[in-house]
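What follows is a set of notes on a single structure, which appears directly below.
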Amino acid sequence: MGSFRVERPHFLCPATVTVTSYGFVVSGVGPKLCNDQRGRIAVAEPDFKLQVGAVQRRLIEALDSVVSSGGYREFLEFAAKLPNYSARNTLLIFSQARERGFTPSIVMGYRAWLTRGRHVKRGERGLRICVPVTSKSSGSLGQVEPVLRYFKSATVFDISQTEGEAIPEPLLPCFLEGEADQFLFDFCVAEVEKLGFSVHFGELEGCNGQTNFTDRSVVVARGLPPLQKVKTVLHELAHATMHNRADIEVPTAELEAESSAYLILGTLGIQSEDFSVPYLIRWSKGETKDVEDASLRVSDFVVNFLRRYYDGVFNRVGAEFNPEGKVA
């Protein structure tokens with residue numbers, strides 16, 4: 001039958017497909033395809049778990065390197081002095097900010113901002129949280145113990161709602177630049193839609209994507225660079241798949257979603273450190289162990305996605321050849 005070579009300029013899965021009398025042989029990132037005795041195409045799948053594990057190690061090394069740098073250490077020391085909010089208040093802050101079109105980062109009360117040389121901008125509306133009111137009471141052994149009496153409402157403000165003295169600023173996430181393969185993007189959107197979510201593109205303030213479990217919709221910010229758009233859809237796909245439950249805390253969800261996007265792109269040969277590393281450090285407050293734990297929790301999701309994606313890629317490759325071995 002002879003053989004000839006077909007170049008596959010697939011952005012995330014560069015491969016050269018050789019068509020011979022023995023079937024397809026794909027060299028590059030992808031697995032090998034060969035014909036079985038009945039002439040059907042069989043796929044020898046890569047060891048995705050091994051590949052994802054290597055990307056996980058690279059992620060933790062990158063995080064450790066940045067966290068240990070001087071500028072980030074200064075920010076983390078500042079962040080350590082910030083209020084710690086309960087899971088309930090974190091969710092309240094996050095949901096209210098998202099409704100107003102921004103993502104909260106550093107949140108404190110009016111007076112707390114004043115002590116740091118900043119003041120709330122005129123006309124800004126605060127974010128409402130619940131704070132406990134306690135009183136002291138003598139315990140059974142005579143010691144004084146705090147006793148919860150009731151909760152009251154309090155107002156806090158995000159740093160974006162304030163102005164004044166500069167604070168230590170960490171490395172900011174940078175958009176991923178460059179072209180993205182249309183097949184990968186379409187595949188990611190289809191994966192979201194399989195879960196019963198609609199996918200829209202619209203104007204978003206302070207974030208690149210939103211997943212709404214109430215109306216089962218995913219919104220991606222309009223105007224993102226192509227590769228950033230792919231990463232954002234992957235991030236929201238992770239939310240849609242894993243985070244429709246009451247016990248999930250916002251920081252945990254963000255670490256898991258961004259780790260998922262990073263691991264998938266990394267396994268496909270795409271570097272996303274410029275965005276993912278600063279993003280993960282912000283949400284983990286420099287605790288790289290939290291990121292490592294999150295990346296391990298999402299391993300099954302990542303591996304299963306890669307298996308489905310590679311099936312899609314090589315089904316597409318096979319469909320481009322007719323039984324005579326010619327390009328369709």
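Since every read-out is calculated from the coordinates, none of them should be taken as a lab result. Predicted model, so just to flag it, every value in this text is computed and none were measured. All Cβ positions, even for glycine, are placed from backbone atoms using ideal geometry, and neighbour counts span all protein chains on display.
Taking the Cα atoms of the stretch 204-328, the ratio Rg/Rh between the radius of gyration and the Kirkwood radius comes to 1.05. Ranked by the mean number of other Cβ atoms within 10 Å per residue, highest first, peptides 124-135, 204-215 order as 204-215, 124-135.
Checked against a 26 Å cut-off, the cross-linked pairs K121/K229; K49/K231; K194/K289; K121/K231 give Cα-Cα distances beyond that limit for K121/K229; K194/K289; K121/K231. Each peptide in 188-200, 219-231 receives the mean, over its residues, of other Cβ atoms within 10 Å, and ordering these scores from highest gives 219-231, 188-200.
In the stretch 183-249, the convex hull through the Cα atoms has an average projected area of 4.6 nm², a quarter of its surface area.
Working from the pairwise distances between different alpha carbons, so that the mean of 1/r is found and then inverted, what is the stretch 225-295's Kirkwood radius in Å? Mean inverse Cα-Cα distance, inverted, gives 12.2 Å. Amide H contacts for R118 (H built 1.01 Å from N in the peptide plane; partners 5 or more residues away or on another chain; cut-off under 5 Å): E165.
For the stretch 84-126, the Cβ-based charge dipole about the Cα centre amounts to some 160 debye (Lys, Arg positive; Asp, Glu negative; other atoms uncharged). Rounded to the nearest 20 debye, the dipole magnitude of the stretch 84-164 is 180 debye, with +1 charges on Lys and Arg beta carbons, -1 on Asp and Glu beta carbons, and the Cα centre as origin. When the Cα atoms of the stretch 84-164 are aligned to their principal axes, the ranges along those axes come out at 50, 27, 18 Å in descending order.
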